[in-house]
1. Quick one: dipole size for region B:2-77, taken about the Cα centre, charges +1 on Lys/Arg Cβ and -1 on Asp/Glu Cβ, in debye to the nearest 20.
2. Got a sec? How would B:2, D:122 order by Cβ neighbour count within 10 Å, fewest to most?
3. Provide the per-residue ³J(HN,Hα) series for region D:130-139, in order, calculated from phi with Karplus coefficients 6.51, -1.76, 1.60 and θ = phi - 60°, each as a whole number of Hz, with x at glycine and proline positions.
4. Please sort by residue number the GluC sites (Glu not before Pro) in region B:24-83 whose DSSP state is loop and whose Cβ has at most 11 other Cβ atoms within 10 Å.
5. For each of B:52, B:13, count neighbouring Cβ atoms within 10 Å of the residue's Cβ, then give the residues from fewest to most.
6. If the label for residue C:88 sits 7 angstrom from Cα along the Cα-to-Cβ line, what are its distances to the same label in every other copy, in nm to one decimal, shortest first?
7. ³J(HN,Hα) across region C:8-15 via Karplus (A = 6.51, B = -1.76, C = 1.60, θ = phi - 60°), whole Hz, x for Gly/Pro?
8. Out of the DSSP beta bridges found with both residues in region B:2-77, what percent are antiparallel (nearest 5)?
Amino acid sequence: MRIRYFAWVRERVGSPEETIELPEGIASVRDLIAWLAGRDEGHAAAFAEPDVIRAAIDLEHVDHDTPLAGAREVAFFPPMTGG
Amino acid sequence: MRIRYFAWVRERVGSPEETIELPEGIASVRDLIAWLAGRDEGHAAAFAEPDVIRAAIDLEHVDHDTPLAGAREVAFFPPMTGG
Amino acid sequence: MPEWKPAIRVQPEPFDAAAEARRMTEGRKDLGALVSFVGLCRDEGGTLEALELEHYPGMAEEAIGAIAREAAERWPVAAITIIHRYGRIAPGEPIVVVLAASAHREAAFEAASFLMDFLKTRAPFWKKEHRRDAGPGDWVAAKASDDAAAGRWRPARGAK
Amino acid sequence: MPEWKPAIRVQPEPFDAAAEARRMTEGRKDLGALVSFVGLCRDEGGTLEALELEHYPGMAEEAIGAIAREAAERWPVAAITIIHRYGRIAPGEPIVVVLAASAHREAAFEAASFLMDFLKTRAPFWKKEHRRDAGPGDWVAAKASDDAAAGRWRPARGAK
């Protein structure tokens, strides 16, 4: 599964993307955030406040309860500030 | 006193403007409309429904209760349809 | 009252809305939003030859100026440009442009919308329709919906 | 669903809002109103060197497309154009343009305003400030007021 990071989430993780093998038991976006936060210091800093993190699955905005089943690309980023 | 007419008020009166000597007792815009309506058939047609007529004194929109004292130019026209 | 003056023109000629927008924003770094409204001559049934816009010279400029000053008092706008045409206008041609620039988008949107609602109901212009193969037609009737649109701004009047 | 497709572009280059407006209105006689919103890079304190806009390629286009389709379902708009830039943008330069054309002014104004509120909160763009003499600065924080602005449209969602 391809994981992408944007803005300060990307900066804290230290990388724009990575490919992971989804461990068993990681079913939702929320699960994935918790699991990623435990990987290293950078990930921990990026996901220190999970509630502010926005997520997208395959280019579509989703909430943290969304199941990961079938997802090819999951992205994490701060609230948008475009426009 | 200069009286100006616009749009269908002008067409019904049959003239874009006229100069009148204000008769005694004609104090307000409402009085003037009633007096003008009695001048001839064209004026009568123009002012047949006084309530829909808008008025301006010296380029400023006024209501029918406004006194004419000091007015140099009074204009009558239908509701605006610009923009 | 703002220190700047709204730019107001009443003219028969077409206008260049883009050039007006450039004039308002060029060299400035304090603007975050520019809202422009262009009102076009619309031919609903396919039978309109042209609109003829009559106006009250002198009062048109005064009335538009008063509307623009009111907008500038109600919202923190940095610049306003209003150009209203008169005379014969063919379908597809622009009739009016309203431009409002501000640091913030809400002010620019609200000022432009307010300006249009009040131009429709308080600026001395009247539209006559010329129908194809029928010569001069009817004067366009004022719409209750336009009065209602202008009316929705009234509660706040004088409150800011 | 409308028969037309919104024109959407995500690009680093500046855009020509006037040319886009012309493209939408040229040769048409059914349009009564064109509202354009240009969002500009604003330098509030006089210390901004540039904004750097990061975006999520692919998702940016998808999200803007979804927002535009929603606007087209809610209001009788005849055409929508949205261009959003990314990359480095200097103070005074345009960041985004939204154009909405309709037969009627209310629809054009409301659609443009709705589009901007949703671009601010739902399109995957992030702004980083570069301060003069200070190098890369902070990421711009999302504003509660932007969420509130987007929230005001929600009650009507799906109702039209």
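1. The calculated dipole for region B:2-77 is roughly 160 debye.
2. On the way: B:2 13, D:122 19.
Ordered from fewest to most neighbouring Cβ atoms within 10 Å, B:2, D:122 come out as B:2, D:122.
3. 10, 8, 4, 6, 9, x, x, x, 8, 6
4. Working: sites: B:24, B:41, B:60, B:73; in loops: B:24.
Passing both the DSSP loop test and the Cβ count: B:24.
5. Numbers: B:52 12, B:13 23.
The fewest-first ordering by Cβ neighbours comes to B:52, B:13.
6. In nanometres, ordered from closest: 5.5.
7. Couplings: 10, 9, 10, 8, x, 6, x, 10 Hz.
8. On the way: 11 of 15 bridges.
Antiparallel bridges make up about 75 percent of those DSSP assigns within region B:2-77.
Each reported figure results from applying straightforward, stated rules to the coordinates on display, with no laboratory input. Quantities reported herein were computed from a predicted structural model and do not represent experimental measurements. FYI the Cβ positions are ideal-geometry reconstructions off the backbone, even for glycines, and counts take in every protein chain you see.
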